[in-house]
1. List pairs: first in region 33-55 and open to solvent by less than 40 Å² (accessible area, probe 1.4 Å), second among the aromatic types (Phe, Trp, Tyr), Cβ under 6 Å, 6+ apart or cross-chain?
2. Of the conditions (1) under 21 Å from the mean Cα position of the chain (by Cα); (2) over 30 Å from GLY139 (Cα atoms); (3) not in a helix (DSSP H, G or I), GLU8 clears all except one; give me its number.
3. Please state which one of ILE100, ILE114, ILE91, ILE104 is surrounded by 11 or more Cβ atoms within 10 Å (Cβ to Cβ), β-branched (Val, Ile, Thr) and more than 18 Å from the chain's Cα centre (by Cα).
4. Can you name the helices (runs of 4 or more DSSP H) wholly within region 68-138 that have at least 2 residues being of a type in the set (Lys, Arg) and under 21 Å from PRO7 (Cβ atoms)?
5. Which ones in region 56-88 are open to solvent by 40 Å² or more (accessible area, probe 1.4 Å) and polar (S, T, N, Q)?
6. Somewhere in region 131-143, is a residue open to solvent by 90 Å² or more (accessible area, probe 1.4 Å), in contact with a helix residue (DSSP H, G or I) (Cβ under 6 Å, 6 or more places away or on another chain) and not small (Gly, Ala, Ser)?
Amino acid sequence: MPEEEKPEITDSEWEVMRVVWTLKEVTSKEISAVLREKKEWKPATTKTFIGRLVKKGMLTTEKIGNRFIYRAGVSEEESLKTLKSGLFTHICSRAVGKTIADLIEEATLSHDDIALLQQVLQTKKKDAVDEIACNCVPGQCTCKKDPGMKCHHLKNRGVF
C-alpha cells in the first residue's frame, strides 16, 4: 500500500500551525490575537488559513457551545520530518551537502547546536562515500555533462 501523501502547507499556514502546536487547544480568536501581534493579520485572514488547514486535515475542530476549538491533526515533529525530507527530493543528490552547509551558515546556532552538529558529522564520516551520483534527468543540472563538475543547477537559479 502506498504511503499516504501529506498535504503541503504554505508559510502562512505554518504560522497558524505553530500557534496551535504551542497552545494545544485554541479558538480562532486566540490564534488571531497571536498572529495580529506577530504578523498584523486581520481576524478574517487568520480564519481563512484556519479553514484551509481544517480542509487539509492539519487541524481538527470541535464545537463547544458557540465556540470552535482547534487542535493539531498532525504533530509538529511529523510535519517537520515531511518538510525536511521534501527538501532533499527537490534537489540534485550532489547538492545536498552544499545545501546543508548553506543552511548552517545562515542559521544562528548555540554552542550546544554546534556540538550536536559536530557529533552528527563524526558519525556520518564513518559511512561517507567518495562521490555522490547525480539523480537528475538531463536538463535539470549540469553535472551529467561534466562528471567532474559539482552540481550547480540550484546556484544558477539563485537558490544558493
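The values are calculated or read from the model by the stated rules, or taken from the named source; none is laboratory data. Everything quoted here is computed from the prediction, not taken from an experiment. Cβ: placed from backbone, ideal geometry, glycine included. Neighbour counts: every protein chain shown. Ligands, DNA and RNA are stripped out before the accessible areas are found, and what is left, the full protein with its side chains, is counted by its heavy atoms. Shrake-Rupley method; radii C 1.70, N 1.55, O 1.52, S 1.80 Å.
1. Matching pairs, first to second residue: LEU35/TRP41.
2. (2)
3. After ruling out the rest, the residue left standing is ILE114.
4. 76-89
5. Hits for region 56-88 are THR60, THR61, ASN66, SER75, THR82, SER85.
6. Yes, there is a match, as at least one residue in region 131-143 is open to solvent by 90 Å² or more (accessible area, probe 1.4 Å), in contact with a helix residue (DSSP H, G or I) (Cβ under 6 Å, 6 or more places away or on another chain) and not small (Gly, Ala, Ser).
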